[in-house]
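Below: the structure, in structure tokens.
The values are calculated or read from the model by the stated rules, or taken from the named source; none is laboratory data. Since we're looking at a predicted model, the values are computed, not measured. Positions of Cβ are generated from backbone atoms using ideal geometry, with glycine treated the same way; all protein chains shown enter the neighbour counts. Note: areas computed on protein heavy atoms with side chains; ligands, DNA, RNA excluded. Shrake-Rupley method; radii C 1.70, N 1.55, O 1.52, S 1.80 Å.
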Amino acid sequence: MTQLDSVMAKVRSENRAALIAYIPAGFPSKAGCAKAIKALAAAGVDAIEIGFPYSDPVMDGPVIQEAADISLKAGTNAADVFEALYVAASTGVAAVVMTYWNPIARYGVEKFAQSIVDNGGSGVITPDLTIEESDSWIAATKKSGINPIYVVAPSTKDERLKNVTAKTGGFVYAASMMGVTGSRDAVASTANELVARVRTVTDLPISVGLGVSTREQAKSLAAYADGVIVGSAFIKLLLDAPSEQEGLDAITHLAKELALGVREGR
Amino acid sequence: MTTEGHFGEYGGRFVPEALIGALEELEAAHNAAQKDPSFIAELAELHRTYTGRPSIITEAKRFAEHAGGARVFLKREDLNHTGSHKINNVLGQALLTKRMGKKRIIAETGAGQHGVASATAAALMGLDCVVYMGEEDTRRQALNVARMKLLGAQVVPVTSGSKTLKDAINEAMRDWVTNVADTHYMLGTVAGPHPFPTMVRDFHKIIGNEAREQMLALTGRLPDAVLACVGGGSNAIGIFNAFIPDAGVRLIGLEAGGDGVETGRHAATITGGSPGVLHGTRSYVLQDENGQTVESHSISAGLDYPGVGPEHAYLHDIGRAEYRAINDDAAMAAFELLCKTEGIIPAIETAHGLAGVLIIGKELGPSANLLINLSGRGDKDVQTAAEYFGIPL
């Protein structure tokens, strides 16, 4: 049982959704990332995803691409990712890494899974790893006892949902719509339908991501999802802030709003 | 040899879950089409009346004098409509697009050859076409941008990352994830997630099928070596495929060595890279110790790509094909030589293969017959070549 499993069980017992925040390691700077993680945790976030910035993020929209570029230019590497993970875990929230597959393959599959555990992490979200290519990863996550978190999409057929969720641990990451990461004015109706379909094949908690940026959206998702994932909205605030402190203040404010939202849905 | 889209340990699918449905649909459509006589006949008719197939073979006698006296045969894909082998693939994929009931195609392009070919196929078949092209490349290849626009395509300059082919593919994949219901991604090479490496090979294998028969008719035997330039590797797979069972025929891919593999400024992915995942497939990749893709460098925009098709990775590892790097200068010397000895201006991509012919010819000597895929013509490269050779424009 990972810290993430405990957190998802706890929010279920509190009849609310979890608030899950995403921030890339090394963004807006190495020190700034640590401050942002602490600010998010202090503002009531239940779990934090540390992004492993990657040169070719095909699942990400312009905001996360820009953050990844900034981080990579500053030289962020695997050690920085695990350090950020450690900072997040040390605040008491559930901490996971979100990464494309190649950095894991390059680092060493078993070693990567073990480094998650060693730094207090609960699991890894792998947005471009299909279950068909997952044998070595599933074996490594079992050995290290971490959650392999897979993404499902509105286009995922029922039979495949069964197969993907059977490999998943922690929570199922439901992509709210067909598209890349980034804030949208409205969260698509496809989210509700997808979550309902996932419920029929698994008892795992289901968290919804892609396009969420406001308390209202968090509230409406919390009505039926177990977790609400917010990434680009925080990153945009940090990118747009005139100073680091103002950026930290802005994400604190948003996180507090969203934390209310995930408690208002039911 | 291959199972479920794998070539040994290479290939496969490393993509967002949102794309799985579309890839399965495409795989099914391709498999059905390959067995459907009406599809095969329709594509063959297009190739005969539109592409200009079969492409001829030209023996390059004066060029061969510089290749150790070996006989050199050029498979003239440069004479195809749109000026390169790329048309073979886009016509096949455009027919599949219509079969799947999709109305819109997207494509990536580096030098513009695949973009022009895609825009051409879209115009012919009445499909909407959006081409993603790195902002750097839209400047370097302004003429091809105009060409695509004349053909009715929308060209989107890509400003993310390194602003070149790699990032154009990223952007096309983002479009596809978003619009997959009505859009087909017309990937231009034998890379990407399954079924692309297999499907694009199937549409290009006509090159080798024709050439094998032509060589037997012309010379009474199989060639000693078959050569081709390799970026993503589509023209090379196209000509290699028919010869893979012929153990006596050496298959030689020439990668872009840029300033030299030892300088780190190159695009020789097999020669200078390592196994990894890029753009949905496992193959050789130019990457750093953290698994970040490293930018490639080549005088040839069409070879300037830090990945390579997974079947090439496999053919390399099992020793069936060999891969060597040709530096910019050697490629340009071969480019100039073909112009002046044969009256044929090749694409700079193709010139890397021609440089390989000069080397292999000397290694094998006068008794050897060498077949090279003359994959594209050099009209698009006139400006680059003029700058390189100091010809005032």
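Figures for the structure shown
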| item | result |
| --- | --- |
| Matching residues, the range A:223-250, being open to solvent by less than 10 Å² (accessible area, probe 1.4 Å) and more than 16 Å from the chain's Cα centre (by Cα) | A:247 |
| Test for residue B:191: is it aliphatic (A, V, I, L, M), under 22 Å from the mean Cα position of the chain (by Cα) and assigned to a helix (DSSP H, G or I) | no |
| Of residues in the range B:252-275 being part of a strand (DSSP E or B) and surrounded by fewer than 24 Cβ atoms within 10 Å (Cβ to Cβ), the one farthest from the other protein chains (Cβ to nearest Cβ) | B:252 |
| Failed item, numbered, when residue B:247 is tested on (1) away from every other protein chain (no Cβ under 12 Å); (2) open to solvent by 40 Å² or more (accessible area, probe 1.4 Å); (3) in contact with a helix residue (DSSP H, G or I) (Cβ under 7 Å, 6 or more places away or on another chain) | (3) |
| Some residue of the range A:108-115 being under 27 Å from residue B:283 (Cα atoms), open to solvent by less than 20 Å² (accessible area, probe 1.4 Å), within 14 Å of chain B (Cβ to nearest Cβ) and in contact with a Phe, Trp or Tyr (Cβ under 8 Å, 6 or more places away or on another chain) | yes |
| Single residue of A:136, A:176, A:155 found to be within 12 Å of chain B (Cβ to nearest Cβ) and open to solvent by less than 20 Å² (accessible area, probe 1.4 Å) | A:176 |
| Count - residues of the range A:39-67 that are assigned to a strand (DSSP E or B) and either without any contact (Cβ under 8 Å) to a residue 12 or more places away in the chain or within 14 Å of chain B (Cβ to nearest Cβ) (or both) | 1 |
| Residue under evaluation residue B:285, criteria (1) of a type in the set (Val, Ile, Thr); (2) without any contact (Cβ under 8 Å) to a residue 24 or more places away in the chain; (3) in contact with an Asp or Glu (Cβ under 8 Å, 6 or more places away or on another chain), criterion not met | (3) |
| Selection status of residue B:46, touching a strand residue (DSSP E or B) at 6+ places or on another chain (Cβ under 9 Å) and either over 30 Å from residue A:181 (Cβ atoms) or within 14 Å of another protein chain (Cβ to nearest Cβ) (or both) | no |
| For residue B:167: the one exception among (1) free of Cβ contacts under 8 Å to residues at least 40 places away in the same chain; (2) open to solvent by 10 Å² or more (accessible area, probe 1.4 Å) | (2) |
| Candidate set from the range A:78-104 (those that are within 11 Å of chain B (Cβ to nearest Cβ) and surrounded by 22 or more Cβ atoms within 10 Å (Cβ to Cβ)); member that is farthest from residue B:282 (Cα to Cα) | A:81 |
| Every residue from the range B:111-164 that is modelled with pLDDT under 90 and either in contact with a Phe, Trp or Tyr (Cβ under 7 Å, 6 or more places away or on another chain) or within 14 Å of chain A (Cβ to nearest Cβ) (or both) | B:160, B:161, B:162, B:163, B:164 |
| Qualifying residue in the range B:26-43 (condition: within 14 Å of chain A (Cβ to nearest Cβ) and surrounded by fewer than 22 Cβ atoms within 10 Å (Cβ to Cβ)) | yes |
| Count - residues of the range B:324-363 that are charged (D, E, K, R), within 22 Å of residue B:113 (Cα to Cα) and surrounded by 20 or more Cβ atoms within 10 Å (Cβ to Cβ) | 2 |
| Some residue of the range B:281-296 being within 19 Å of residue B:372 (Cα to Cα) and surrounded by 24 or more Cβ atoms within 10 Å (Cβ to Cβ) | no |
| Among (1) within 18 Å of the chain's Cα centre (by Cα); (2) open to solvent by 10 Å² or more (accessible area, probe 1.4 Å); (3) not small (Gly, Ala, Ser) - the single one residue A:262 does not satisfy | (2) |
| Test: residue in the range A:117-129 that is modelled with pLDDT of 95 or more, open to solvent by 20 Å² or more (accessible area, probe 1.4 Å), among the β-branched types (Val, Ile, Thr) and not in a loop (DSSP other than H, G, I, E, B) | yes |
| Residue in the range A:180-203 that is within 9 Å of chain B (Cβ to nearest Cβ) and either in contact with a helix residue (DSSP H, G or I) (Cβ under 7 Å, 6 or more places away or on another chain) or open to solvent by less than 10 Å² (accessible area, probe 1.4 Å) (or both) present | yes |
| Among (1) touching a residue at least 60 places away in the same chain (Cβ under 8 Å); (2) of a type in the set (S, T, N, Q); (3) within 14 Å of chain B (Cβ to nearest Cβ), the one test that residue A:252 misses | (3) |
| Qualifying positions in the range B:170-213 - among the β-branched types (Val, Ile, Thr), open to solvent by 10 Å² or more (accessible area, probe 1.4 Å), farther than 18 Å from residue B:306 by Cβ and more than 12 Å from chain A (Cβ to nearest Cβ) | B:198, B:206 |
